[in-house]
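Take a look at the structure below.
The values are calculated or read from the model by the stated rules, or taken from the named source; none is laboratory data. Predicted model, so just to flag it, every value in this text is computed and none were measured. Neighbour counts run over all protein chains shown; Cβ positions are idealised from the backbone, glycine included.
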Amino acid sequence: MTAMEPQQEELTYCALHPRRETALRCNRCERTMCHECAVHTPVGYRCRECVKEQDRQFFDARLTDELLIVLVCALVAAVGMVVLTFFRFLLFALLLAVILGPFAGECARRVTGRRRSQRAALAAGVGALLGTLVVGLLWQGLTLSALLFAALYASFASGRLRWGR
Ligand SMILES: [Zn+2]
Ligand SMILES: [Zn+2]
């Protein structure tokens, strides 16, 4: 017997990178993972598979929800653009964006039943762009205040639609 040799600790390796030694385990499925594979979440280190699975459960929106967000944000943006034609100065465009942006975001949240989408912010941006472009190009022209309104409005609307985990 070779009892003289010190007992070697069992080495574990990353499940995806068999050559990387690691002691880290996913706290959900227990698989071993190296630092590159681990994702730091509020509930500890998890593997990418488990994080993806969590996301699937967390982001429960359907495609129709995303289309609704585009629609709502486009409509409100269009209304804003029409209002802008009567008050063509920059400060008013700023003010209007600050009011209508969060308003559109909130409306979109409600009509989609507050379901969460990873692409909600993007959908809001697309809607803002659509509404602004349609009214801007067809009717009042894309003035500086219209562009400013569009940019601010989009960022406020999408801000409302970001979901923290
Ligand atoms: Zn896992
Ligand atoms: Zn790895």
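Where helices (runs of 4 or more DSSP H) sit wholly within the range 67-165, those with at least 1 residues that are loosely packed, with under 15 Cβ neighbours inside 10 Å and small (Gly, Ala, Ser) occupy 144-160.
Assessment of the range 60-70 against the conditions (within 15 Å of Ala154 (Cβ to Cβ) and either touching a residue at least 40 places away in the same chain (Cβ under 8 Å) or within 14 Å of ligand 2 (Cβ to nearest atom) (or both)) yields at least one matching residue.
Just to be sure before I move on: is His40 surrounded by fewer than 16 Cβ atoms within 10 Å (Cβ to Cβ) and in a loop (DSSP other than H, G, I, E, B) in the structure I sent? No: the conditions fail for His40. The single condition among (1) touching a Leu at 6+ places or on another chain (Cβ under 9 Å); (2) in the same structural domain as Cys14 (by TED's automatic domain parsing); (3) small (Gly, Ala, Ser) that Ala74 does not meet is (2). Scanning the range 8-46 for residues that are at positive phi and either touching a residue at least 12 places away in the same chain (Cβ under 8 Å) or more than 9 Å from ligand 1 (Cβ to nearest atom) (or both) turns up just one, Gly44.
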